[in-house]
Each structure stands twice: as structure tokens, then as C-alpha cells.
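The values are calculated or read from the model by the stated rules, or taken from the named source; none is laboratory data. The shown structure was predicted, so the numbers you read here are calculated from the model rather than taken from an experiment. Here the Cβ is made from the backbone with ideal geometry for all residues, glycine too, and neighbour counts use every protein chain on show.
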Amino acid sequence: MIDRFGTIWFATQEGGLSAFVEGAFRTYTEKDGLPDKDIYRVFADSRGRLWISTRNAGVAVATIEPRGRLRDLRIFTRADGLPSDTIRAFAEDRSGNIYFGTRGGGVASYDGRSFSVFDLRNGLSSNEVLTLLVNRHGELVIGTYDRASRSAAFRS
């Protein structure tokens, strides 16, 4: 994905997070504070933050700065309220809430303070979430292993 400064960010399997800026790559790993080197997805939100998911170690968030730099890195895991430490998809609604599609844990939403979970117990067709989208009506559309669902539970 490309951030507001024009840096191109890449998730890599076993190679960390890479930023392509000014013709060169800059790589972030555990040495730089990431929870793991197996990066699954990256997502830039409307507030200038980069969300970085891993296969099994939760999600990191950092403020994006020019020239592929990150600051104020923070890590969230199941211990913080995520229903799974594997995040497969991200979305953001008009209110700035961030949604996480997880492997085996359904959907989590983060309002900047705490997580809420929407899963099989709340009517989700599967806890295996592959993709998320907030449509033009503000509804969260959830793609799971067995079908797509719309959620009124998360409506902005």
C-alpha cells in the first residue's frame, strides 16, 4: 500500500515490514520493535497511522512519518482484547474506528480505547474472516470462509 507521503509499504513472510522510499528499501523487524518478522497485512488509516498485522503475534500500530519512518510503535494482542493474534483484514469507518478481520476470532473493532468483538455468538456466519469493507452506507461488509455478511452491529 502507498501512504500519504508516497512511501510504498510491503508485508513480507519472514522478512519483516519493508518500505520503499526514494529508490531504496528500508526494513523493519523485531529489532525495530515489531512483534514478529512474519507480516501478514499493512493498512494506513485516516489519522496517519500504519497498522501492521502478523500471522501469530498480534498487530502493531505506528505513526507514519516521511521517508518511510515510523514512531510511537504500539503492539496489541489477545492480552489487550483482540480475539485472535492473526489479523487477516483491516477496515476503517467514518468515525475512525478500526476493524480487524481475524483467523478464528471473528471481527474486532477498536475505538481508540478498547476492543469489541463480533463473532458467531453475535450472528457472524464464520469466525474465519478473510476481508472487510465499509460500504458507502457505513455498513461493515464481512467476507468469511463461507459467505459475505453485513453487520448492523458495526454501523457508523
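Return the total of residues in segment 91-101 being under 20 Å from N122 (Cβ atoms) and assigned to a strand (DSSP E or B). Walk me through how you get there before you give the answer.
Let us first name the residues in segment 91-101 that are under 20 Å from N122 (Cβ atoms), namely 91, 93, 95, 97-101.
Going one step further and asking which of them are assigned to a strand (DSSP E or B), we end up with 91, 98-101.
The qualifying residues number 5.
Look through segment 1-44, keep the residues that are part of a strand (DSSP E or B) and of a type in the set (K, R), and return whichever of them is farthest from E92 (Cα to Cα).
Ranking the qualifying residues of segment 1-44, first place goes to R26.
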Item to complete: Can you work out which of the residues in segment 30-60 that are surrounded by 15 or more Cβ atoms within 10 Å (Cβ to Cβ) and over 25 Å from D111 (Cα atoms) is farthest from the chain's Cα centre (by Cα)?
Response: K37
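Check T54, T77 and return the single one that is free of Cβ contacts under 8 Å to residues at least 40 places away in the same chain, out of contact with any Ser or Thr (no Cβ under 6 Å at 6 or more places or on another chain) and polar (S, T, N, Q).
Details: T77 fails: free of Cβ contacts under 8 Å to residues at least 40 places away in the same chain.
Selected residue: T54, the only one of T54, T77 that is free of Cβ contacts under 8 Å to residues at least 40 places away in the same chain, out of contact with any Ser or Thr (no Cβ under 6 Å at 6 or more places or on another chain) and polar (S, T, N, Q).
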Fill in: Subset of segment 72-87 [touching a Gly at 6+ places or on another chain (Cβ under 8 Å) and either surrounded by 20 or more Cβ atoms within 10 Å (Cβ to Cβ) or in a loop (DSSP other than H, G, I, E, B) (or both)]
F76, T77, L82, P83, S84, D85, T86, I87
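Of all residues in segment 106-123, which are more than 16 Å from R88 (Cα to Cα) and of a type outside the set (D, E)?
Of the residues in segment 106-123, the ones more than 16 Å from R88 (Cα to Cα) are 111-116, 120-123.
If the condition is that a residue be more than 16 Å from R88 (Cα to Cα) and of a type outside the set (D, E), then G112, R113, S114, F115, S116, L120, R121, N122, G123 are the ones that fit.
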Worksheet item: Can you tell me which residues in segment 114-150 are modelled with pLDDT of 95 or more and surrounded by fewer than 15 Cβ atoms within 10 Å (Cβ to Cβ)?
Response: S114
